[in-house]
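Just so you know, all these numbers are worked out from the coordinates, no wet-lab data involved. Only a predicted model underlies this, so the values are computations on that prediction, with no experimental measurement involved. Note: ideal-geometry Cβ built from the backbone for every residue, glycine included; neighbour counts use all protein chains shown.
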Amino acid sequence: MVTVTAVRGDITRQRVDAIVNAANNAMRGGGGVDGAIHRAGGRAILDDCIARFPDGLRTGDAGWTTAGDLPATWVIHTVGPNYAAGERDRGLLESCYRRALEVADQIGARSVSFPLISAGVYAWPLNDAIDAAVTTIAKTPTRVEEVVVVSFSEDTHRRVQPQVHRLFPPA
Ligand code: ADP
């Protein structure tokens, strides 16, 4: 049974088996959380991206690399739909969470931290991005035991926490 909690913080500092990256199709680094992960994790993450994803990654899909110098063991990269560019199929956003959990099962990660995929530069409306995250994590069968939804800002965290508590009441 998975436990889900919400925290405010920097995902690069999370001590979990795997952190999830909101990457882009090219898989060569970018802005936002992607930039923060590549900066903090070092060159090893980019080298692994180049080796494992020579053609990048499709929107809604996920795959893993080393976490380089980060405290986590793996980075699970997923590509959210770019709402700002007209990609507005919520199924693609849900697929990111589902595929990331499938990849976690594949590599044996038991604790996983997620950022709010597509909720930054890709501009998915925040409340719906939170709902997609929490409901998809709730309905995806997985061997992951601990999921942490990490919000960078206090304001976002204040909106995430009640939605997490609604589906995963604290003990
Ligand atoms: P996208 O392009 O998928 O929208 P962004 O990186 O722009 O991805 O934003 C996704 C979410 O990650 C946003 O809510 C943003 O505030 C948040 N974020 C940015 N940096 C970090 C970080 N270091 N740790 C956790 N969340 C972060």
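Here are some notes:
- For region 73-92, a residue qualifies if it is under 12 Å from residue 24 (Cβ atoms) and either part of a helix (DSSP H, G or I) or touching a Cys at 6+ places or on another chain (Cβ under 9 Å) (or both), and the qualifying residues are 77, 78, 79, 80, 81, 85.
- Residue in region 138-145 that is crowded, with 21+ Cβ neighbours inside 10 Å and outside any strand (DSSP E or B) present: yes
- Considering 22, 44, 51, the condition of being in contact with a Gly (Cβ under 8 Å, 6 or more places away or on another chain), outside any loop (DSSP other than H, G, I, E, B), away from the ligand (no atom under 15 Å from the Cβ) and not polar (S, T, N, Q) is satisfied by 44 alone.
- In region 38-55, the residues that are surrounded by 12 or more Cβ atoms within 10 Å (Cβ to Cβ) and either closer than 10 Å to residue 23 by Cα or of a type in the set (Asp, Glu) (or both): 47, 48
- One residue from 150, 134 being out of contact with any Ser or Thr (no Cβ under 8 Å at 6 or more places or on another chain) and in contact (Cβ under 8 Å) with a residue 12 or more places away in the chain: 134
- Checking 61, 69 one by one, the residue that is without any contact (Cβ under 8 Å) to a residue 60 or more places away in the chain and out of contact with any strand residue (DSSP E or B) (no Cβ under 8 Å at 6 or more places or on another chain) is 69 and no other.
- Search result, residues across region 109-131 that are more than 6 Å from the ligand (Cβ to nearest atom), within 13 Å of residue 82 (Cα to Cα) and in contact with a strand residue (DSSP E or B) (Cβ under 7 Å, 6 or more places away or on another chain): none
- Here region 146-171 is the region considered, the condition is being of a type in the set (Lys, Arg) and within 14 Å of the ligand (Cβ to nearest atom), and the residue that is surrounded by the most Cβ atoms within 10 Å (Cβ to Cβ) is 159.
- Subset tally (residues that are within 10 Å of the ligand (Cβ to nearest atom) and either of a type outside the set (Asp, Glu) or assigned to a strand (DSSP E or B) (or both)) for region 1-19: 8
- Residue 34 vs. criteria of a type in the set (D, E, K, R), crowded, with 20+ Cβ neighbours inside 10 Å and closer than 20 Å to residue 130 by Cβ: yes
- Sole residue being within 14 Å of the chain's Cα centre (by Cα), of a type in the set (Ser, Thr, Tyr) and within 12 Å of the ligand (Cβ to nearest atom), chosen from 65, 78: 78
- Taking the criterion of being within 16 Å of the chain's Cα centre (by Cα) and either assigned to a loop (DSSP other than H, G, I, E, B) or more than 17 Å from residue 113 (Cβ to Cβ) (or both), the residues of region 25-34 that qualify are 25, 27, 29, 30, 31.
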